[in-house]
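Visitor: Sending over a structure as structure tokens; questions will come in a sec.
What follows draws every value from the coordinates through simple rules; no lab data is involved. Note that the structure is predicted; figures quoted are calculated from it, not measured. When we count neighbours, we look across all protein chains shown, and the Cβ atoms used for this are built from the backbone with ideal geometry, even at glycine.
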Amino acid sequence: MVLSLRERLIELWNPEDPLDSLWRILASRSATAWLCASLAVLVTIVVFVPQRPAEALADPLANSRWLESLSVRFGNTANWLTSLRLVDVGQSTLLRVLLGLLALNLLLGLVDLLHPMHQASGALPALRAQEDGGVRPRLGRVSRARLLATSSQAEGPPELTASVAQALKAQGYRLAHSADADWLYADRYVAFGTMLLLGLLLAVAGVVLSERTAWWEDNVSLGPGQVRPLGHGTDLALQADVVEVQSDGQMDSASETSFRTRVTLLREGEAIATGQLPDRFPALYDGLAFYATSTEPALLIQAEDSSGTSVPLQTPETGTTQFTQVVLRFREQEAEESPQYIVVLDLTHGRQVGRQFEQRANERYVIVPSRNLSLRLVHEPTSTQTTRYRLEVYRGNDASPSEAHTLEAASSLEIDGDLYSFRPQRHAVIRFGQDYGLGVVLIGAVVALVGLGLGALRRRRRVWVWPEPAEEKAILNLATVGQAVPWFEALLTDIAARTQLKVLDAGTSD
């Protein structure tokens with residue numbers, strides 16, 4: 001019979017010993033199930049709902065921009081996502097409290113498995129209450145038997161209990177006695193449950209270790225010759241190059257070309273390690289992990305006026321910051337998802353411009369504030385390995401382009417007396433970081449899965465033995481809890497054969 005949460009709490013609570021009751025509640029399987037279910041809900045929210053980054057929480061301006069982008073993506077839904085604090089679940093105290101309670105639950109359960117006296121003594125009063133005909137808390141299915149000493153046996157209950165203990169020990173059971181030898185507890189196949197709890201505990205510890213010590217740099221784009229310091233206390237720098245690889249190993253026009261990322265680690269300007277990153281797995285170096293996310297086409301753009309002075313350029317992503325040159329990153333194919341809308345505010349200092357850009361993954365914009373121009377560049381995939389871009393020039397707030405050009409190689413164009421240069425590149429996109437907790441999580445997951453699998457094949461067996469008060473005959477009671485009828489009957493037969501005790505009666509109750 002399945003107990004409700006309220007009935008389960010009533011069963012576990014003993015008003016005469018609150019500390020013991022609290023231990024039982026925190027170590028119970030019901031608490032484990034509820035905590036895991038609650039954490040699963042929170043993790044699902046973290047996976048499917050965008051989480052506010054830490055820099056947005058620390059910087060009001062960054063927070064305002066992030067909320068604007070959330071409203072663009074989710075519309076009116078963003079309001080209740082924010083009001084319910086679903087965007088902050090990943091950094092919430094609730095998530096950390098639940099992780100701490102789960103760790104405590106697993107630790108107490110592990111202690112109970114390794115030192116069974118607490119669990120053994122806890123169920124015994126309920127089993128004895130059934131023997132006395134009293135009202136007992138529901139333990140599920142209980143298989144029970146009584147063993148009777150034959151007339152040729154003159155031993156008392158302690159000696160008979162000792163003989164049963166020897167029989168159980170011979171079958172590989174672990175034994176636990178009460179201090180006054182009033183009862184005996186035995187269990188078997190405890191190692192599998194221990195592996196499960198230990199693995200889960202390791203996984204939780206790995207998550208905590210990752211949260212406290214791990215760091216990752218995502219979506220790092222490196223062009224030809226670019227060097228990026230790794231930071232985070234390391235003295236290393238990273239350089240990446242995109243290498244063309246032919247599918248059949250031959251560099252000819254009939255072969256299909258793909259791109260791979262080759263990285264070089266530098267220390268004080270000197271190369272200390274180099275190698276090509278695999279497609280699906282990380283490359284490891286001194287505790288650091290490097291992933292080849294992708295390679296992407298890029299376009300380096302510069303502009304000069306007739307005197308050779310650089311014309312400042314902006315992009316919608318960088319806001320009002322101006323550059324002498326900008327690098328635009330594209331994807332190979334046009335994204336099928338909804339376009340990304342970027343609202344540009346303060347296009348020029350002290351002025352708001354309500355221009356709205358509809359930007360897809362294979363297109364980018366360059367803004368020239370001093371010329372009141374906007375350049376739209378679209379990457380167009382071709383059947384060959386050549387790179388082709390479509391350039392559209394917009395003046396003011398006109399919705400239609402005033403000029404259109406096709407760029408297939410490095411080229412220069414004159415627009416309104418200024419010279420714009422376009423140089424195609426290919427960038428390597430890399431993810432790198434350090435996370436020792438991830439290894440602990442993987443080890444814990446493997447240990448837990450092995451324990452779960454072996455535990456499903458060999459479920460834990462528990463047996464309680466206690467004497468029955470009798471004036472003339474020595475009778476021992478044996479009981480177990482759970483779906484145990486087949487093996488319990490076999491156990492009774494073996495004990496009777498080893499101890500020459502007679503099975504007086506046996507039965508099962510719910």
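Visitor: Run the numbers for residue 431 and residue 213: contour at 0.36 nm per residue of separation, minus the present Cα-Cα distance, in nm.
Guide: Values: separation 218, 0.36 × 218 = 78.48 nm, distance 1.71 nm.
Residue separation times 0.36 nm, minus the Cα-Cα distance, leaves 76.8 nm.
Visitor: If you don't mind, another one. Between residue 413 and residue 273, what is the FRET efficiency for a Förster distance of 41 Å, r being their Cβ-Cβ separation, to the nearest 0.05?
Guide: Details: r = 42 Å, r/R0 = 1.02.
For R0 = 41 Å, the calculated efficiency reads 0.45.
Visitor: Taking only the alpha carbons of segment 399-444, what extent do you get along each of the three principal axes, in Å, biggest first?
Guide: 64, 27, 18
Visitor: At 7 Å along Cα-to-Cβ for each site, give me the label-to-label distance between residue 91 and residue 331 in nm.
Guide: My value for the distance between the label points is 2.7 nm.
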